[in-house]
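Since the structure comes first, as structure tokens, the remarks are kept for the end.
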């Protein structure tokens, strides 16, 4: 079957995990394109305006997937869904989690795979290099041998390699670091903890003090930039059946991001004050409720807005060793987009203020 025959009719991109940090940005990026129809998959309805179609589906249920997805006629799948019980990701290597995440992707492919499907994009992350387990070569490069540790990344990657080899579609895997974007209650969100921590400190009349125990240089990936890379991969010949690291293109430390947050909220910086945000926030629910009332914010509770990401932030702010990813392969393949990481945080915090998630 030729590419032209395979693409008869409009491009229809299915985004699994459409309300997560990455999925949300992918929906926003692609739904703005006049030649693209977007179908977002999630259990909940979107909490933002979009022209994308929304389908509520349980990806753990193969019957529900077939009933709701089989007739979509998808040309592309962007798979951002995640089954995980831990904000620190320390269960992602457990057999139960590996099987669950592989099964969800398999259920999605079983329902969507057809003559029109031409590309599948899947997410991994820096943990693919084993940097969370031991010192590893820096920078992480995609051509390195697979690090020998249990991780659902490998189960999903093996699945798409096997399925694509027997079919007509291609795949691309992306490995970001510290994805920055917005999603309600995500277990791996660094933006909401920074913004809410700043807002509560300001409400209490406190300076903004860095709560971490290290200031290790690191990298981040703007969810908007990642969405653009995913969109690029759908048509780029150099992206077919390839794995790419993707980051903003610079280095930063988390104290520098706190300084950006302080400037955004008009606050003074205080001396470093190492502490667990998860513990410090345990009794701050009423204070957040008062901030919501006073500033007429959207009525999210503290747990709804940040939830398990406090633990994720604690781990990020006290990371003992640096790890960097090389993005040379992605640039040589033709994707050159980048963004300053402090600019990224300022833009995202301003956006959350404009949409009444955070106070101005």
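The values are calculated or read from the model by the stated rules, or taken from the named source; none is laboratory data. Note that the structure is a prediction, hence the values are computed from the model and not measured. Please note: Cβ atoms are built from the backbone with ideal geometry, for glycine as well, and neighbour counts cover all protein chains shown.
Reported count of residues in region 219-250, each being in contact with a strand residue (DSSP E or B) (Cβ under 7 Å, 6 or more places away or on another chain), within 16 Å of residue 341 (Cα to Cα) and not in a helix (DSSP H, G or I), is 7. One residue alone among 80, 65 is in the same structural domain as residue 168 (by TED's automatic domain parsing), closer than 19 Å to residue 151 by Cβ, surrounded by 21 or more Cβ atoms within 10 Å (Cβ to Cβ) and at pLDDT 90 or above, and that residue is 80. No other residue among 38, 122, 78 is outside any helix (DSSP H, G or I), over 25 Å from residue 312 (Cβ atoms) and in contact with a strand residue (DSSP E or B) (Cβ under 6 Å, 6 or more places away or on another chain) apart from 38. With the structure loaded, tell me whether residue 280 is touching a helix residue (DSSP H, G or I) at 6+ places or on another chain (Cβ under 6 Å), surrounded by 15 or more Cβ atoms within 10 Å (Cβ to Cβ) and over 26 Å from residue 335 (Cβ atoms) or whether it fails that test. No, not satisfied. Within region 1-35, the set of residues being in a helix (DSSP H, G or I), modelled with pLDDT of 90 or more and closer than 16 Å to residue 235 by Cα comprises 26, 29, 30. Looking only at region 178-218, residues that are over 28 Å from residue 18 (Cα atoms) and part of a helix (DSSP H, G or I) come to 4 in all.
Conditions (1) on the phi > 0 side of the Ramachandran plot; (2) at pLDDT below 95; (3) not assigned by TED's automatic domain parsing to the domain that holds residue 295, marked per residue:
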{"position": "149", "(1), (2), (3)": "no, yes, yes"}
{"position": "159", "(1), (2), (3)": "no, no, yes"}
{"position": "172", "(1), (2), (3)": "no, no, yes"}
{"position": "197", "(1), (2), (3)": "no, no, no"}
{"position": "206", "(1), (2), (3)": "no, no, no"}
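Within region 264-277, which residues are out of contact with any strand residue (DSSP E or B) (no Cβ under 9 Å at 6 or more places or on another chain), more than 19 Å from residue 318 (Cα to Cα) and surrounded by 15 or more Cβ atoms within 10 Å (Cβ to Cβ)?
Answer for region 264-277, where residues must be out of contact with any strand residue (DSSP E or B) (no Cβ under 9 Å at 6 or more places or on another chain), more than 19 Å from residue 318 (Cα to Cα) and surrounded by 15 or more Cβ atoms within 10 Å (Cβ to Cβ): just 264.
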